[in-house]
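Every number in this text was worked out from the coordinates using simple rules, so none of it is lab data. Note that the coordinates shown come from a computational prediction; the quantities given were computed from them, not determined experimentally. Here the Cβ is made from the backbone with ideal geometry for all residues, glycine too, and neighbour counts use every protein chain on show.
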Amino acid sequence: MSVAAQPSLLALESRFLWRSRLALAVLAVLVAAIGLALANGRALLAAQQASRAAATAELAEADTRLRAGIAKGMPLADAVMLPIRVRLPVIAPLPPLIDASAGQAVLMADAGAASLRTRADTLFGRSSLENPELLMRGGLDLGFVVLVVAPLLLVALGHGMIPADRDSGALRLVLAQGGGIGRLLLARSLPRLALVLGPVLLALLWLGLSGPDLPGRAGALLWWGLIAVASLILWWALVLLVNSLRASADAAALALVALWALFTLVLPALLTALVSLALPLPSRYAVIAQARAAEVAATAAWDNDHAEASSDEVASRRAALARTVEVTGKVAAATAPIIADHARRRAGRQAILDQLALIAPPMLAAQALAQAAGSDAGSVAAFQSAASAHAGQVRARLAALAARPAPMGSADLDHLPRFTPPAPAAPPRAALAWLLALAGLAGLAAARNLNRLQPD
Amino acid sequence: MSQSATWGRVAAKDWREYRRDWRLALLSLLVAVLAVTAVVAAFVEVTAHDADRRATIAADRVTWEGQGARNPHSAAHFAFWAFRPLPPMALLDPGVLPYAGSAIWLEAHNRNPAQARPAEDLAGGLDLGRFSAAWVFQTVLPLLLFIIGAGLVAREREAGTLRLMLANGLAAGGVMPAKYLALGRIAAVLVLPLLAAALAATLLAGPVDGLALALWLAVYLVYFAILAAIAVAVSALAATAAQARLLLVGLWLVLLLIVPRLGGGLAMQAAPVPSAHGFAAGVAAQMKSGHDPFGKDGKAFEAAVMARYKVSRLEDLPVNIDGLRLEAAEQHGNRVFDAAWGDLAATHQAGRNALRLTALLSPLVPLQNLSMALAGSDGAVQRDFQDRAEAHRRRIISLLNADMALHAGAAGFDYHADPALWRRIPDFRWQPPGTAAALARCWPDLAALGLWLLAALGLLRLAGRRLAAGLQ
C-alpha cells in the first residue's frame, strides 16, 4: 500500500471504531466519569475557597475591632492585654489545581490563627467537619479518572487489536491490506488513544478556561496534563506490548487487567502498608500527654486561660500576661521535639514511598499529579512546617510587646510578621521522565516483538 | 447419575482448570498476600492504638491527680481528654475510623471536635480506599472473582465443550447452577483461608460479639453470592470469554469503584457541611449573644441568686456566686452546642441518606454500611462516642463548678480546691452501642442487599434460560 493510502487506513480504522458499541460504551463511561469528576472538583474548589474566605473574614473582622479599639483609646489596664487579643491569619494557599487532584489537601485544616497562646499543636485545632462516612468512600476527581478509569478503558479498546484478528484467522489478510503491522497498529492506536485522551484533555482545557484565576494554575495545568498524557501513553505501550505477544484476545485481556490490578490496586496498597509497618510514626497522643503534663507543671493556680480576668489592676494583668507567655512557651518547648520528630519521620516515610513508587507507575503518577496540583503530602507538610515556624515568630513578637512597658499601638500591629506561604513544589519533572522512559521501554519491546511477529 | 452429582463433577472440573491456569493462581496468590498484609497491618494498628490509648489515659490521670491545689475552674480548663477505644472488629473493617478523630479535649466553655485523624498521617499515594481486610474483600476479591468467573461458561461455549457436557448427562437447565456452584467452590477456597486469618487476628485483638461477627460473615457471604451470580450470568450472556471478561471488569469498575464515589460526591453536595471556621464563628456568636452572667446579665443573675437564697447581699450567700455564674454560662453554652452540633449531626445524616440512594446502583454501598456498622466502626458509633464524651465533659465541668460554688466562699477565683477533688472526678468510660442498634439503623441496607441478591439470581436464571434455549 502506498504512503498516500495511509490516511485512508486511519480513516477506515477510525470509522470501524466509531461504529463499534464498545467505543460508544467507553466514551459513555469516560464522559460520565469526567463529568462527575469535574462536578466534584468544582464543589471542592468552591468549598475550599469558602472556607478560606470565612477564616479570612473572621480574622479580618477581629483585626478591625482591635484596631478600632486602639484608635478609640482604652484604659491602660485594657491596653496591656492587647497582645493576647491579637490573632493573625495563617491561611493555606489554595492548591492551584485542587479541582483536578484533591490529594491530601482535602483532609487538612486550611486556616488557623497565630496568637500569643498559639502553639504548633493548637494552630490547626479546627479540623474539617466533613462527614467521615462520605470521606471513607474516596473521591472521584479527574486524577482518579486518569489513573484508574482511563487505563481500563484503554485495555478494553486495545487488548484485541492484533489477537482478535489472529483468533479469527484474519490477521494475514488484514496485514496484507494494511501494509504492515506497524502501520496497522498506528492506524488502530491513534483513534483509540484519541477516544480516551481527547475527553481528558478537553476536561483540562475546560478547567483552564472556566477555573478561577489562581497563581500558578496555568503551570499546574500544563504539568498535570503532561503527567496524565505520559501515564496514559505508558498504559498504551503496555497494551501494544501485550498485543505483540502470541496470545489470544482473552489471554491479552486477562494479562492487561492483571497488570492494571497489580500496578493500580495491589502494589500501591502493599507498598504503603509495608512502609507504614516498617516505619511507624510516633503517636499523636504523645503530643497530647506531653502538652498536658507540661501545662499542668507550668501552672499552679488561676493564671493562664483568663489572664484578662485576673484583676482590673495593671500590675496584676501584666503579671498574668507574663505567666501566660511563660506557660505557653514551656508547653511549646516541651512538645516541640515530639512534633518535630513526627514531622521528620513522616517526611522520611513519604520519601521512601516516593522511591518505591518507581515500581508502581500509577502510584508515581498519582503523587506527580497531586504535586502538579499543589495538593500532595509534601506541599501540605511544607505549609504546616512554615505555619508552625510563623506561629512561633508571632508568639515571640507578641511576648516582647507584652513585656514592654508601653502598651501596643496600631504601628505595632502593622509590624507584626505576616504569614508567607512556602514556595510551591517544583514541577514533577523526574516523575514525568520516568513515566516516559518506561513507556519508551515498553514501546521498544513491543516494536521488537512486532518485527518478529508471524501472522499465522 | 443425579443432577447434583453432575453439578459436583462440573465444579470439580472447573476447579482443576482454575488450578492449572498459572495466571489465575498467581493473581490469587497476590490477593492472598494483600489480604494477609492487610490483616497484619490492621492487627498492629489496633493493638498499638489500644496500648497507646491506655498509656496516655494512665499518664493523663497521673498528671490530673498530681496537679496539686488549684482553682477548680483552672482545672476545668485543663480538664480531660476522651480517647476512643477501637473495637476489635475494626481489624476487619476500620470503617470511618481513619477519617474520624479518636481524641476529644473535654474543656470548660467549649465542645471540641475529635482530633488525631489517622488519615492525616497516611503516606500519600494512590487512594483507592483505606487498606484493610474489608477493602480486600469488598474491592479486590470481587475483581478476582469476576476474572475467574468470566470464562466459566463463555470459554466452554467457545471451545464447544458445553454440548459435550450435555451429552454427558448435564441437563441444559443445569449448566448455570453447576457453574454457579463451581465459582462458589473456587471463591470459597480463595476467601475462607483469608477470612479465617482475619477472624483469628480479630479474636486475638480482643473480645468480640459473636452475633456481630456471625452477621458480618453472613453479609459478606450474600455479597459474594451476588457477585458470583453476576459473573456467571455475564459469562453466559457474552459472546466470547474476552468480551465477558471486559464486561465484568467494566461492571466492577462502575459498581465497586465509581458508584460509591459518585454517591459520596453527591451526598457531599446534597448535604454540605459548614466550614470549620464558619461553624466555630457561629458557635462563638451564639455564645456571646446569649445569657452572660459575667457581663450584661450579671446584675440580673446576682439578683435572682440572692432571691433564691433569700439574702440581700452577695456576701451573705452561702455559695460562691462565681461558681454559679460559671455553671450558668456552661448551661447556656450547652444549649448552643446542642443546637450547633445537632444541626451538624442532621447534616451528616442527610448525607448518609443521600448516599443510601446509590445502594440501588451498587451492592458495595449497602455492604459497606452493614460491614462497618457490625464492626462498630460506622459514623453512628463515632457520633455516639462524641456525644458520650460531651456528656462526660458536662458532668465533670459541673462537678468542678459545684465545688467552686460550695467551697470557694469569698476567695472566689483565688480559692484552691483540695487535691482529693481531682481523685473524685471519674475517668471517661464508653460502651459502644450493640449489634441490635446496628441492625436497627441498617435495615435499609439489609433490604438493599437482599434486593441485589434477588436481582442477581434473577439475572442468573434469565441467562440460564437463554443459554438453554441456545443449546437446544
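At-a-glance table
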| quantity | calculated |
| --- | --- |
| Electrostatic dipole magnitude of the protein assembly as shown [Cβ: Lys, Arg +1; Asp, Glu -1; Cα centre; debye, to 20] | 2540 debye |
| Added length on full extension, which subtracts the Cα-Cα distance from 0.36 nm per residue, B:LEU360 to B:ARG461 | 34.3 nm |
| B:GLU315/A:ALA322 FRET efficiency (R0 35 Å; Cβ-Cβ; nearest 0.05) | 0.65 |
| Mean separation of Cα contacts under 8 Å, 6 or more apart, over the residue count of chain B: relative contact order % | 26 percent |
| Linear extension gain, B:ALA159 paired with B:TRP430, 0.36 nm per residue minus alpha-carbon span | 91.4 nm |
| Cα convex hull of segment A:3-451 - mean projected area over all directions, nm² | 25.4 nm² |
| Estimated inter-spin distance, B:VAL62 and B:LEU192, nm [label 7 Å along Cα→Cβ] | 5.0 nm |
| 5 angstrom amide H check on A:ALA111, placed H, neighbours 5+ away | A:ALA92 |
| Rg/Rg_globular for chain B, with Rg_globular taken as 2.2 N^0.38 Å and Rg from C-alpha atoms | 1.31 |
| Phi-based couplings in Hz for segment A:400-407 (Karplus 6.51, -1.76, 1.60; Gly and Pro marked x) | 5, 5, 5, 7, 6, x, 7, x |
| Longest site-free stretch - chain B; sites: trypsin sites (Lys or Arg not before Pro), DSSP loop, at most 16 other Cβ within 10 Å | B:1-295 |
| FRET efficiency for A:LEU358 and A:GLU313, using Cβ-Cβ distance with R0 set to 41 Å, rounded to 0.05 | 0.05 |
| Unit charges at the beta carbon, dipole of segment A:119-266: most positive-side option, A:LEU240, A:VAL146, A:ALA228 | A:LEU240 |
| Residue-span extension gain [A:ALA425 to A:LEU24] - 0.36 nm each, minus C-alpha spacing | 140.4 nm |
| Mean shadow area of segment B:89-145 over all directions, Cα convex hull, nm² | 5.0 nm² |
| Net charge dipole size for segment B:1-88 [Lys, Arg +1 and Asp, Glu -1 on Cβ; Debye, nearest 20] | 380 debye |
| Of B:LEU324, B:ALA375, B:LEU364, farthest towards positive along the dipole that unit charges on Lys, Arg, Asp, Glu beta carbons give segment B:253-398 | B:LEU364 |
| Estimated [θ] at 222 nm from DSSP helical runs (n ≥ 4, -39500 (n - 2.57)) normalised by residues in chain B, nearest 500 | -23000 deg cm²/dmol |
| Interchain or long-range residues, amide H under 5 Å from B:ALA417's placed H | B:ARG70, B:ASN71 |
| Helix A:6-19 axis, angle to chain A major axis (alpha carbon atoms, nearest 10°) | 70 degrees |
| Rg/Rg_ref, segment B:337-472, where Rg_ref = 2.2 N^0.38 Å and atoms are Cα | 1.83 |
| Furthest towards positive pole of dipole, B:VAL10, B:ALA201, A:ALA170, structure part the protein assembly as shown, Cβ charges | A:ALA170 |
| Order of A:PHE263, B:PHE43, B:PHE294 - criterion: other Cβ atoms within 10 Å of each residue's Cβ, fewest first | B:PHE294, B:PHE43, A:PHE263 |
| Whole-Å distance, taken between Cα centres, linking segment B:398-472 and segment B:77-134 | 14 Å |
| Principal axis dimensions, largest first and in whole angstrom, of the protein assembly as shown by Cα | 106, 66, 41 |
| A:LYS330-A:ALA43 pseudo-label distance in nm [points 7 Å out on the Cα-to-Cβ vector] | 4.9 nm |
| Shape metrics for segment A:231-379, restricted to C-alpha atoms - Rg then Dmax, Å | 26.8, 91 |
| Neighbour-count order for A:THR272, B:THR161, fewest beta carbons within 10 angstrom listed first | B:THR161, A:THR272 |
| Label-point separation, A:ARG67 to A:ARG448 (7 Å along Cα→Cβ), nm | 6.9 nm |
| Proxy reagent accessibility, fewest Cβ within 10 Å first, across A:ARG395, B:ARG84 | A:ARG395, B:ARG84 |
| Rounded Å value of the spacing that divides the Cα centres of segment A:197-254 and segment A:35-106 | 36 Å |
| HN-Hα J in Hz across segment B:20-37 - Karplus 6.51, -1.76, 1.60, θ = phi - 60°, x for Gly and Pro | 6, 7, 4, 5, 5, 4, 5, 4, 5, 5, 4, 5, 5, 4, 4, 5, 5, 4 |
| Within segment A:3-451: Cβ-based charge dipole about Cα centre, in debye rounded to nearest 20 (Lys, Arg +1; Asp, Glu -1) | 820 debye |
